[in-house]
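**Q** Dropping the structure in here first, questions after.
The values are calculated or read from the model by the stated rules, or taken from the named source; none is laboratory data. Here the structure is a predicted model, which is why all the values come from computation and not from measurement. Cβ atoms come from the backbone with ideal geometry, glycine included; neighbour counts cover every protein chain shown. Heads up: the accessible areas ignore ligands, DNA and RNA and are worked out on the full protein's heavy atoms, side chains in. Shrake-Rupley method; radii C 1.70, N 1.55, O 1.52, S 1.80 Å.
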Amino acid sequence: MIPKVNVDSPRRDSFTSNIGVIAAAAGSAIGLGNIWRFPYVLGENGGGAFLFIYLAFVLGIGIPVMLSEFTIGRRAQRNPVGSFKKLAPKRPWFLIGVMGVIAAFMILSFYAAVAGWTLEYIYQSVTNSFAGKTPDQLGEMFEDFRMGSWRPVIWFLVFMLFTAAIVISGVQKGIEKYSKILMPILLIILIILGIRAVTLPGAGAGLSFLFKPDFSKITAGTILEALGQAFFSLSIGMGTLITYGSYIQSRDNLANTAISVSLADTFIAVLAGIAIFPAVFAFGIDPAAEEGLVFITLPNIFQQMAGGYFFSLLFFILLAVAALTSTISVLEVVVAYFSEELNLSRKKATIIAALSISLLGILASASWGWFDKVTISGRNFFGLLNFTSANILLPVGGFFIVIFVGWFLGKNQVRDEISNKGTLKARILGVFMFLVRFIAPIAIALVFLNGIGIIKF
Ligand code: PHE
């Protein structure tokens with residue numbers, strides 16, 4: 001159904017069941033962030049110690065921010081900008097929402113570029129192109145593809161088209177249906193891949209890289225990367241989950257949803273790490289192989305397992321679907337904003353958003369080809385969009401979101417929302433308020449300012 005321009009209409013689109021909410025929010029959270037981004041960022045940042053810090057951030061900062069977003073969204077029943085306008089009329093808080101919309105533009109442009117790579121890898125799986133290649137050759141295959149520009153750009157555009165088509169069709173039908181069936185299958189494949197990876201000869205080194213913290217490798221920059229990765233992976237800090245929160249029904253339990261989604265997301269990331277690092281070490285791949293890590297490592301595993309052809313095909317298809325349930329959630333932020341605040345029809349909003357994001361995404365997709373000479377403070381377009389959105393916009397957004405919930409909305413309104421107007425116990429209220437008032441904002445501020453070099457410990 002097309003959401004009404006009058007957002008107070010009782011017919012505003014919503015998810016139909018709590019499982020639907022969890023599936024959709026988990027669909028947003030679980031994606032390339034867990035399977036592509038987490039392993040390579042961890043690989044570049046020294047391994048186990050990064051994992052340890054990451055987990056601490058998910059628990060102490062990520063879950064509170066996620067619950068804050070659900071609270072804001074369900075209370076206001078609007079897109080991120082409209083939500084702040086409604087809850088804090090005539091105040092500048094809505095700028096957090098504006099920043100979220102900007103972050104959505106940036107994230108979607110490079111994220112859908114990587115999602116396009118998964119389409120290329122589906123194609124390569126179909127044609128059995130990994131077979132018989134050495135780890136080095138698989139590395140070259142990835143680099144050649146990425147430098148080619150045309151193919152990455154075309155796959156990116158194809159992916160944007162899929163995303164836009166689903167978003168046009170509306171929240172319920174579009175999102176809920178797909179995420180419920182496919183994500184559990186992806187989980188099973190990851191487990192199978194993990195088992196294959198840890199039984200490779202030489203796998204032990206990868207497991208200790210992943211799980212044995214070496215804190216001498218930690219720098220201010222690394223800690224900020226861990227925070228950015230936590231925000232990125234959980235889909236928080238830019239209003240995606242404010243938007244989804246606005247579709248959550250009044251009887252659903254927000255706290256349970258936030259906790260289950262965060263734990264599921266983290267579990268998948270760790271599982272991806274278990275599938276990747278043993279293989280990275282077993283095949284002698286560089287753990288700091290950047291954005292190519294997953295695309296180079298996994299084809300090596302597929303070659304070494306029974307049914308590799310089948311698994312590789314299935315894996316890349318499901319990875320593309322996991323990416324799709326995330327890209328629709330990002331596009332949904334922009335579309336909800338355009339349609340509710342600028343009074344565009346849903347269809348028009350989607351088309352305008354998708355077209356303008358595509359321009360940015362072409363720059364991102366061709367960052368290693370046509371635009372490989374263009375660098376801005378040492379990063380190409382892709383790197384710049386990736387770094388700025390995850391490590392700057394999301395943490396800053398998250399900071400203001402928790403401040404808003406902790407200090408502006410205040411305990412009574414929060415209790416009302418978390419307890420579903422008193423019908424649930426809301427035992428976690430005290431802990432939650434403490435986290436959003438003190439721990440999360442202070443921690444985000446310190447990590448952020450330290451990470452970008454404004455203060456030094
Ligand atoms: N969390 C998604 C993933 O891990 C990416 C994402 C980021 C989605 C921000 C929405 C908002 O793949």
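**Q** Can you give me the % of accessible surface on the range 18-451 that is carbon or sulfur? Probe 1.4 Å, all protein chains present, nothing else counted.
**A** Summing carbon and sulfur atoms, their accessible area is 68 percent of the total for the range 18-451.
**Q** Please give the length that would be gained between Lys347 and Ile19 if that part of the chain were fully extended, namely 0.36 nm times their separation in residues minus their C-alpha to C-alpha distance (nm, one decimal).
**A** 115.4 nm
**Q** If you average the alpha carbon positions of the range 213-250 and of the range 388-412, how far apart do those two centres end up, in angstrom?
**A** That distance is 12 Å.
**Q** To the nearest Å, what is the center-to-center distance of the range 51-97 and the range 415-429, using C-alpha atoms only?
**A** 18 Å
**Q** Cα atoms only: what Rg and Dmax, in Å, come out for the range 14-158?
**A** 19.8, 64
**Q** If you roll a 1.4 Å probe over the heavy atoms of the protein chains, what accessible area per residue do you get for the chain, in Å²?
**A** Per-residue accessible area for the chain comes out at 37 Å².
**Q** Averaging sequence separations of C-alpha pairs under 8 Å and six or more residues apart, then dividing by the length of the range 18-451, give the relative contact order as a whole percent.
**A** Value for the range 18-451: 36 percent.
**Q** Shifting gears a bit: Which entries of Lys85/Lys421; Lys86/Lys348; Lys90/Lys411; Lys133/Lys180 have Cα-Cα distances beyond 26 Å here?
**A** Lys133/Lys180
**Q** Show me the trypsin sites (Lys or Arg not before Pro) within the range 20-104 that DSSP assigns to loop and that have at most 15 other Cβ atoms within 10 Å of their Cβ.
**A** Working: sites: Arg37, Arg74, Arg75, Arg78, Lys85, Lys86, Lys90; in loops: Arg78, Lys90.
Loop-located and lightly packed - Lys90.
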